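Please read the structure below before turning to the comments.
Read-outs: derived from the displayed coordinates by stated rules, not from any lab. Since the structure is predicted, the reported quantities are computational estimates derived from the model, not experimental observations. Cβ placement follows ideal geometry from the backbone for every residue including glycine, while neighbour counts extend to all protein chains displayed.
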Amino acid sequence: MTIDYSLIIQELNPIKIIQETAQVKELSLDYYYFSPILEKKLQDKIADLIVIPTSEEEVLKVAQICVKYHIPLTVRGAGTGNYGQCIPLNGGIVLDMTEMKKIKWIKSGIACVEPGIKMSILEKETKKQGWELRMIPSTYKIATLGGFIGGGSGGIGSINYGQLRDRGNLNRVRVVTLEKEPRIIELQGDETQQINHAYGTNGIITELEIPLAPSYNWVEIIVIFKDFLSALKFGQTLADSDGIVKKLISIHANPIANYFNSLNSYILNGEDCALLSVDENSLFALQKLVKEFEGKITYQENLEKNKTFSLIEFTWNHTTFHARKIEPNITYLQTFFFSLEKVEEMYNYFGDEVMMHIEFLRVGGKAIPAGLQLVKYSTEARLNEIIKYHEDNGAFIANPHTYILEDGGRKHIEPEQLKFKKMVDPYGLMNQGKMRSWES
Ligand SMILES: Cc1cc2nc3c(=O)[nH]c(=O)nc-3n(C[C@H](O)[C@H](O)[C@H](O)COP(=O)(O)OP(=O)(O)OC[C@H]3O[C@@H](n4cnc5c(N)ncnc54)[C@H](O)[C@@H]3O)c2cc1C
């Protein structure tokens, strides 16, 4: 069916829209190009229209129009996703949620917000009451909370609170459906799993209630080590040191730090290093631990005091971002190793072709090393070979080179989630082509 957008635009009035081609193109894409595979597949995808609602009522109206004319709908936060999660495969409307950014309330360790709020802005407010976000992606300065729930997995803070999908990390959401008669539904507790990391295929989130964490005075620290294994073992020991309050343990094998231009005076020759965030009251204990592993602290600064940079923006997938600025052919993997031995095995096997970048996080109550390794990309066949070698040898890869939910970290869609999709999006209009089990 051909869609007459002049009619749609009239019906959308007075909701804000963007039609100008360059802007539509920009707001149709995300950071998909970190993957050479996705770059080829997605670079030409573009929406027909960008719609920017400012309230739940406007979202409901957009949903009604999409259902009435069978228009594909792709929800977008800040567009910092890495797997083309908010790139429309079949045109239609991209719903930009960044104007729905109200903080409704913050009390007793819980925040209730609209989904388009930037995480950095929300955290500024929660800190006034002694709270902070449990976990943030390294893109927290611009990324939205709705986008983090819809497309993210974890980040700085995951060493304490696990991943977004872990029970208890999301209290409640309000969601607009794309049923014959679109409506607003509320999901509580475990029910929120239906929309968690669903790439916006299961309804439009219009409100979120999240639990917070007590706020600390974080000190950012760089430690350099004589070799990678010392850095890695230090990371695991720090992760397991329950008395040391920390938020970030990011380990980088030589020569990764050479890509961190602003940190060159602290890591002179790309040494194996750890980038950390530790509570100021844990510094004494940390220094002892550093000594035990023969490390050397080369940088130490209170997060609030350093206005020029934060170490956060060199960790998680920002590591890949900095590497690509210098060597654009670099891409990355996302790997759960579950043991230091497995990290060591892959580190020795691949050498500099797959440079080892580890983030420690809590999975099922245990601190484990997860890789965001930097890969020197040569061909798609070789990349697949590298992935297969990891999988054949007991490492779990959440493939970042696919936009299909089931081929990435999820591996499969729960039957309840599919059932939920049938209810909230019976015409399959939301983020078409991203959920294989629906398409088939
Ligand atoms: C340099 C770099 C570093 C990164 N580091 C991390 C990291 O540390 N941890 C991490 O998890 N991710 C990371 N990411 C990925 C991404 O930045 C985060 O997941 C971020 O939170 C996404 O937020 P966003 O607002 O940009 O969402 P978008 O990219 O705009 O959207 C993400 C997904 O959520 C859906 N969505 C957005 N809003 C809604 C809504 N209101 N209702 C329903 N669905 C919605 C979209 O359809 C899309 O599928 C990184 C990316 C880059 C480029």
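The value of relative contact order for the chain, using C-alpha pairs under 8 Å at least six residues apart, is 16 percent. Evaluated over segment 103-214, the count of Lys pairs having alpha-carbon atoms less than 24 Å apart is 16 (only pairs 8 or more residues apart or interchain).
Using C-alpha pairs below 8 Å separated by at least 6 residues, the relative contact order for segment 103-214 is 32 percent. Computed over segment 91-167, the quotient of the alpha carbon radius of gyration and 2.2 N^0.38 Å is 1.11. Note on segment 103-214: with charges restricted to the Cβ of Lys and Arg (+1) and Asp and Glu (-1), its dipole about the Cα centre is near 320 debye.
Note on segment 204-302: along the principal axes its Cα atoms extend 47, 32, 23 Å, ordered by decreasing extent. Beta-bridge orientation, the chain: approximately 90 percent antiparallel, per DSSP, counting only bridges with both partners inside. With Cα atoms defining each centre, segment 39-118 and segment 156-191 are spaced 16 Å apart in the structure. With K and R counted +1 and D and E -1, the other residues having a Cβ less than 12 Å from that of Phe293 yield a net charge of +1. The local environment of Tyr161, defined by Cβ-Cβ distances under 13 Å, has a net charge of +4 under the rule Lys, Arg +1 and Asp, Glu -1. Selection among Ile149, Gly92, Ile110 by position relative to the dipole of the chain gives Ile110 as farthest towards the positive end (Cβ unit charges, Cα centre).
The distance linking segment 223-258 with segment 1-37 is 43 Å (Cα centroid to Cα centroid, whole angstrom). Using just its DSSP H runs of length 4 or more, each adding -39500 (n - 2.57), the chain gives a mean residue ellipticity at 222 nm of -8000 deg cm²/dmol after division by all residues.
Computed with the Debye formula from one identical point scatterer per Cα of segment 103-214, without solvent, the log10 of I(q)/I(0) at q = 0.10, 0.12, 0.14 Å⁻¹ comes to -0.25, -0.37, -0.50. Farthest toward the positive end of the dipole of the chain, out of Asn302, Ala47, Pro137, is the Cα of Asn302, where the dipole comes from beta carbon charges about the Cα centre. Rounded to the nearest 20 debye, the dipole magnitude of the chain is 560 debye, with +1 charges on Lys and Arg beta carbons, -1 on Asp and Glu beta carbons, and the Cα centre as origin.
Near Asp48: Cβ cut-off under 12 Å, other residues only, Lys/Arg at +1 and Asp/Glu at -1. The net charge is +1. For the peptides 213-221, 331-339, 186-194, 101-109, residues were scored by their other Cβ atoms within 10 Å and the scores averaged per peptide; the highest-first order is 331-339, 213-221, 186-194, 101-109.
Using only the Cα atoms of the chain, each taken as one equal point scatterer with no solvent, compute I(q) by the Debye sum, divide by I(0), and report log10 of the ratio at q = 0.07, 0.12 Å⁻¹. Log10 of I(q)/I(0), two decimals: -0.34, -1.00. Largest mean-square fluctuation among Leu276, Leu289, Leu42, in a Gaussian network model of the chain whose springs join Cα atoms under 10 Å apart, belongs to Leu289. Farthest toward the dipole's positive end in the chain, which of Gln287, Asn82, Val245, given Cβ charges of +1 (Lys, Arg) and -1 (Asp, Glu) about the Cα centre? Ranked along the dipole, the leading option is Val245.
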